Amino acid sequence: MYDFLTGPMLWLTFIVSFGGLLVRVILYIKGLDQQLDRVAYRAHLSYGIKGAIRSILCWLNPIGARGWRIRPGFTFMFFLFHIGLLLTPVFLAAHNVMLQDALGISLPALPSFLADTLAWIVVVGGVFMILRRIAFPEVRILTTAYDYLVLVIAVAPFVTGLIARYAVGDYQFWLLAHIICGEIWLLSLPFTKLSHCVLFFMSRAQLGMDYGIKRGGMKGSSMAW
Amino acid sequence: MPEGKICNKQPINTVEQLQLTLADKSGIKYYEEMEHLDVDTDKLWASIQKTMKSRTKTWLEICAHCGLCAESCFLYQVNGKVPTQVPSYKIQSTLGEMVKRKGKVDNAFMRHAMEVAWSQCTCCNRCGMYCPHGIDVGVMFSYLRGLLYSQGFVPWELKIGSGMHRIYRAQMDVTQEDWVETCEWMAEETEEEWPGLEIPVDKKDADIMYTCNAREPKHYPEDIAEAAILFHVAGENWTVPSEGWEQTSLSMFAGDWECCKDNVQNVYNAIERLNPKRCIGTECGHAHRATVIEGPYWVGREDGLPPRPYIHYVEWLAEALRTGKLKIDPAKRIKEPVTLQDSCNYVRNHGLKMITREIIEYIVEPGYFVEMSPNREHNYCCGGGGGFNGIGKFRPQRNVALRKKMEQIIDTGAKLVIAPCHNCWDAIRDLEEEYHIGIRWSFLKPLIISMLEVPEHLKPKEEE
Ligand code: SF4
Ligand code: SF4
Ligand code: SF4
């Protein structure tokens, strides 16, 4: 079981997941329509690219956009959550051992206390997000069962991973559970809202181009997000 | 009943139909008929599939339901922060639902969607600046309005408005004759005080072709006279076209995209015919958006630009003051607290935020200009945008919407508000009528004229 999950199944997961995300990016670009979107993407490409980069950078930076600055608490948690979500799996020592075995390469590994902390942040952040959805009327009204499902998918590998890590209960069981959750996580990327891991960049770039070309970029004013 | 006599899926294309619809006071019969209007679900779904591409599709899908857009919407703020006014909710529960159900929605759904689309969003595009994913709900509401319009679910006034545009190519029943006569009449009236003043119609190869908002010839022709005075004093070589002079687009707010295209093409034809070096539009935000920002796409221009440089009135004014074509008498500068309304349609949608402030520097004594908060691209809609001002059915909601601007203005302590946008001007007038906060409001043209330093040779000869 372990061998299957970390062998063929893992490869398949990678292919479907990363292949799927690539397809989504390509489909997104192909689905842009200058007349329907009312943005002259081609004619003013350089303004567009400038706007796109600006738009992405402003929002990747916790103080880059007014939307972030006016909510420091949320922003802090949000960034930590995402950093944990992305960094931990890639730089975790245990994952790197597998990578070493499979491909003979490895990435710098996180010191374990840092990895633990990040994983905890993800879990706590996840709980916090659930509470936020329940507590605030303006978020509650938007929330659907699907939002919770996505959150559970996103956080489950961290919960199971931590349990295995601290060897609470049956280690073998929790390790397998962790691997399965991780693979579900990866497989969900292209097919669920988790696709925002790439579509965030696409959508931001698109609006950035809109601003860069039509909404002021060519008039020499860059909007201060 | 599939289609009503007044409320139906056909756009108004004839004078008879227009009169029939107008005769139905406040649209009472129209809205009655709407309750029985069938939804052509196949057609609705077909057009969604054809026109809903990456952008809207992705936006609907990846919206994180995080609610960060809530606070950004002035309608959410002034309506007691009811969750149903959260931008994301408004669009997900209307367009989102329509897409989820693959267009299979009923009459009640469509009437509800109409109410949300025209009374809970002014397409001011502010929320788009606060969403991490760059989801611009205002853009999506424009799209939804198009779908609703094509099925006949559009407020009575906007059905009429777009009908006017279809028949007269103007937002009001101003014909070409009316327009040219108004220009002649205004030139005559003004010439006494401004010898040599002209409003040249259809002059070829002029430096400037001036276009305006049909409300001007219809309701305040002095605005045309004022434009003429300023061009006259600045010594500009200008003209107005006899056809293609109207640059507004109620059809844009109605969601009648076919009509939008026809109207803007009409203006562009005038440009080709008269061959001016550039065009200048009047002090109107949505007219600028229609003719300059979005219009090029409606007619399919690859570069997304009008056929000639086409600027907003504030751009010309700033230039004329900067280059000294117009000179302000320092003694006559504004010496009372004054504030400025940033029009979403040319500030947030075209970046013209500093240019109006440049004008302010010329006309307001230092220390008297008070910014609203927030301002520039973060400014709130006046409360009457997106057609909201004109829709009688939604007047109560509109009046609530005005409160945000009221608070902003009161906070500045200014009694004078400069509003270089017809629609904002109207909204601020209505807000004074509704709430009596004791303010005055003005376009730029009359203010500038009142403080001009007029060169000797342009003054009328003294007759003692
Ligand atoms: S801020 Fe953006 S992602 Fe969040 S709920 Fe609003 S529209 Fe959706
Ligand atoms: S576009 Fe403006 S009015 Fe519409 S939802 Fe966004 S902020 Fe509110
Ligand atoms: S009327 Fe003025 S403030 Fe209101 S939406 Fe239009 S441009 Fe913006």
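The values are calculated or read from the model by the stated rules, or taken from the named source; none is laboratory data. Keep in mind it's a predicted model, so treat the numbers as computed, not measured. Backbone-built Cβ (ideal geometry, glycine too); neighbour counts: all protein chains shown. What goes into the accessible areas is simple: the full protein's heavy atoms, side chains included, and nothing from ligands, DNA or RNA. Shrake-Rupley method; radii C 1.70, N 1.55, O 1.52, S 1.80 Å.
Hey, any hits in the stretch B:66-75 for a residue that's facing chain A (nearest Cβ under 10 Å) and over 29 Å from the mean Cα position of the chain (by Cα)? Looking through the stretch B:66-75, at least one residue is facing chain A (nearest Cβ under 10 Å) and over 29 Å from the mean Cα position of the chain (by Cα).
Scanning the stretch A:193-219 for residues that are closer than 30 Å to A:ILE153 by Cβ and among the small types (Gly, Ala, Ser), we see that the one that is nearest to the chain's Cα centre (by Cα) is A:SER195.
I'd like the residue in the stretch A:50-79 that is among the basic types (Lys, Arg) and within 8 Å of chain B (Cβ to nearest Cβ) and, out of all such residues, is farthest from A:LEU207 (Cα to Cα). Here the residue is A:ARG71.
For the stretch B:421-430, residues that are touching a strand residue (DSSP E or B) at 6+ places or on another chain (Cβ under 9 Å) and crowded, with 20+ Cβ neighbours inside 10 Å total 3. Scanning for something touching a strand residue (DSSP E or B) at 6+ places or on another chain (Cβ under 9 Å), within 14 Å of chain A (Cβ to nearest Cβ) and either within 14 Å of ligand 2 (Cβ to nearest atom) or closer than 18 Å to B:ILE439 by Cβ (or both), does the stretch B:371-378 turn up at least one residue? Scanning the stretch B:371-378 turns up at least one residue that is touching a strand residue (DSSP E or B) at 6+ places or on another chain (Cβ under 9 Å), within 14 Å of chain A (Cβ to nearest Cβ) and either within 14 Å of ligand 2 (Cβ to nearest atom) or closer than 18 Å to B:ILE439 by Cβ (or both). Of all residue pairs spaced 6 or more apart or on separate chains, those with beta-carbon atoms under 7 Å, a first member in the stretch B:108-134 that is more than 14 Å from chain A (Cβ to nearest Cβ) and part of a loop (DSSP other than H, G, I, E, B) and a second member that is within 13 Å of ligand 2 (Cβ to nearest atom) and of a type outside the set (A, V, I, L, M, F, W, C) are B:CYS121/B:LYS90; B:CYS121/B:GLY138; B:CYS121/B:GLY386; B:THR122/B:GLY385; B:THR122/B:GLY386. Against the conditions (1) open to solvent by less than 50 Å² (accessible area, probe 1.4 Å); (2) of a type outside the set (Phe, Trp, Tyr); (3) modelled with pLDDT of 95 or more, A:ILE29 satisfies every one except (1). If the requirement is being within 15 Å of ligand 2 (Cβ to nearest atom), open to solvent by 10 Å² or more (accessible area, probe 1.4 Å) and in contact with a Gly (Cβ under 8 Å, 6 or more places away or on another chain), which of these qualifies: B:CYS124, B:CYS69? Answer to the check: B:CYS124. The residue that is farthest from B:PHE394 (Cα to Cα), counting only those in the stretch B:421-440 that are within 15 Å of ligand 3 (Cβ to nearest atom) and aliphatic (A, V, I, L, M), is B:ILE428. Residues that are in contact (Cβ under 8 Å) with a residue 40 or more places away in the chain, in contact with a Lys or Arg (Cβ under 7 Å, 6 or more places away or on another chain) and farther than 21 Å from A:LEU80 by Cβ occur at least once in the stretch A:177-195. Among the conditions (1) crowded, with 22+ Cβ neighbours inside 10 Å; (2) within 12 Å of ligand 3 (Cβ to nearest atom), the only one that B:ILE418 does not satisfy is (2).
Show the residue pairs that are 6+ apart or on different chains and have beta-carbon atoms under 8 Å apart, the first residue being within the stretch B:322-336 and free of Cβ contacts under 8 Å to residues at least 60 places away in the same chain, the second being of a type in the set (Ser, Thr, Tyr). Hits for this filter: B:LYS335/B:TYR368.
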